[in-house]
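Everything on this sheet refers to the single structure shown next.
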């Protein structure tokens, strides 16, 4: 299975979960969850899965589990939907 890697910057404790824009070459993702006990990471995975039409288990945080800048791996078939989000 082909995978696509994307760099993201997560902003926890936002007003709402949303994907929007870029910051320093990373996809900017805001989540309402706090960065405690993995809650922000779970919210990130759920938001990406919902917006890309894939399973949450298919969103893998490869690097940066405890920091805001992360590398996320997605299935190759999500590439077109991901490109649309980055516009």
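Bear in mind these aren't lab numbers, they're just calculated from the coordinates by the rules spelled out. Computed from a predicted structure; not experimentally measured. Cβ: placed from backbone, ideal geometry, glycine included. Neighbour counts: every protein chain shown.
Quick notes on this structure:
- Calculated mean residue ellipticity, 222 nm, the chain: -7000 deg cm²/dmol, from DSSP H runs (n ≥ 4) at -39500 (n - 2.57) each, averaged per residue and rounded to 500.
- Between residue 57 and residue 83, the contour length at 0.36 nm per residue exceeds the alpha carbon distance by 7.3 nm.
- DSSP beta bridges in the chain [antiparallel fraction, %, rounded to 5]: 80 percent
- Against the chain, whose longest principal axis comes from its Cα atoms, helix 39-52 is set at around 30 degrees.
- Packing-based order for 53-66, 72-85, using average beta carbon neighbours within 10 Å, highest first: 72-85, 53-66
- Answer label for semi-axes √(5λ) of the Cα gyration tensor in Å (calculated), chosen among (1) 39, 18, 15; (2) 19, 14, 12; (3) 30, 19, 8: (2)
- Pairs of Cα atoms nearer than 8 Å and 6+ residues apart set the relative contact order; for the chain it is 34 percent.
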